[in-house]
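Comments concern the structure below.
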């Protein structure tokens with residue numbers, strides 16, 4: 001495992017590093033910060049890669065009526081700053097409850113809601129496929145992960161159908177499909193996308209067994225091994241699509257219900273710096289940090305610039 005990891009890390013080392021962030025306006029709102037100011041702040045510290053979401057329940061609240069105003073301003077800001085976008089499409093997208101189905105589609109059989117979902121996906125792709133900022137799509141998010149989120153359908157044939165749809169609508173842009181977890185194994189089932197992504201969480205609150213903070217023990221090279229094995233067997237690259245860079249509150253609390261001292265137990269400035277270093281040490285050259293809105297919340301609401309300053313130094317170094 002270590003040998004494959006080192007081979008992969010060595011072969012990727014000469015490629016440029018694409019360091020970016022996931023950005024979700026709804027999450028910024030939940031933290032009490034203005035989403036547009038937050039994105040402006042991230043652009044201001046040198047962020048040039050954004051993973052953006054297209055929630056079905058946010059854009060098509062009424063069947064057949066689309067409100068793209070929120071996603072439009074995000075693309076406009078990215079275009080004005082010559083930044084690049086990974087656009088997530090499909091039913092399952094980042095942030096709780098993971099599957100973002102509108103109320104009017106709830107309780108329908110899949111034979112009814114799947115065509116409606118695919119019509120929505122078609123509208124999204126056709127709206128943004130010609131944007132100069134669009135870099136790639138991410139199809140669904142950790143699609144086969146059954147242990148997290150409020151999702152009920154994990155049918156592989158639906159994933160294949162969505163993949164074929166997006167590829168037909170826009171053959172010019174690559175499509176990422178996310179692995180479901182960190183387990184050993186190679187994603188051999190269909191579809192075979194242009195590349196895969198993986199999510200990495202390092203320090204979480206274990207509510208199931210120990211009721212304390214849990215630090216996952218995997219060394220960075222372990223993910224280099226996963227990426228290297230995939231490259232050897234499938235000839236597909238892997239990106240680090242979600243690297244934890246925000247606090248994980250205990251006992252199911254929200255960030256805003258958690259004191260700064262408690263937040264620092266799972267993420268402080270030193271741990272954030274370690275997280276950037278850890279991501280680069282995996283060998284993967286495309287890394288999106290998870291929790292950039294939280295850095296701005298700490299800066300503006302808690303008047304603590306420590307995380308923001310770490311991130312600014314990292315992105316200014318690009």
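Specify whether the C-alpha gyration tensor of the range 83-131 places it in the rounded, prolate or oblate class, a ≥ b ≥ c being the square roots of the eigenvalues: rounded for a/c under 1.5, otherwise prolate if a/b is larger than b/c and oblate if not. Oblate, since a/c reaches 1.5 and b/c is not below a/b. Calculated mean residue ellipticity, 222 nm, the chain: -12500 deg cm²/dmol, from DSSP H runs (n ≥ 4) at -39500 (n - 2.57) each, averaged per residue and rounded to 500.
In this calculation the C-beta distance from residue 188 to residue 103 is compared with R0 = 30 Å, giving a FRET efficiency of 0.25.
Could you compute Rg(Cα) / (2.2 N^0.38 Å) for the chain, with N its residue count?
Values: Rg = 19.0 Å, N = 318, 2.2 N^0.38 = 19.6 Å.
Here the Cα radius of gyration is 0.97 times the empirical estimate.
Sorting 37, 98, 162 by the number of Cβ atoms found within 10 Å of their own Cβ, with the fewest placed first, yields 37, 98, 162.
Computed extension gain for residue 164 through residue 130, at 0.36 nm per residue and net of the alpha carbon distance, reaches 10.4 nm. If you plug the beta carbon distance of residue 14 and residue 80 into 1/(1 + (r/R0)^6) with R0 = 35 Å, you get a FRET efficiency near 0.65.
Relative contact order for the chain using alpha-carbon pairs under 8 Å, separation at least 6, rounded to a whole percent?
Relative contact order for the chain comes out at 24 percent.
Exposure proxy shown here: for 233, 17, 188, the number of other Cβ atoms within 10 Å sets the order, fewest to most, as 188, 233, 17. Between rounded, prolate and oblate, where does the range 202-314 land on the alpha carbon gyration tensor, with a ≥ b ≥ c its root eigenvalues, rounded for a/c under 1.5, else prolate if a/b exceeds b/c? In terms of gyration-tensor shape, oblate.
Kirkwood-based Rg over Rh for the range 139-195 (C-alpha set), two decimals?
My calculation puts Rg/Rh at 0.96.
Cβ-Cβ distance of residue 172 and residue 65, R₀ of 22 Å, FRET efficiency by 1/(1 + (r/R0)^6): the value works out to about 0.15.
Considering only Cα atoms, the convex hull volume of the range 180-232 works out to 99 Å³ per residue. Ranked by how many other Cβ atoms sit within 10 Å of their own Cβ, fewest first, the residues 140, 262 fall in the order 262, 140.
Let me know the shape class of the range 1-157, please: from the alpha-carbon gyration tensor, a ≥ b ≥ c as square roots of the eigenvalues, rounded when a/c is under 1.5, otherwise prolate if a/b is greater than b/c, or oblate. Judged from the Cα gyration tensor, the range 1-157 comes out oblate (a/c at least 1.5, b/c at or above a/b).
Rule-based calculations on the coordinates, nothing more; no lab input. Nothing here was measured: the structure is a model prediction, and the numbers come from that model. Here Cβ is always computed from backbone atoms with ideal geometry, including for glycine, and neighbour counts include all displayed protein chains.
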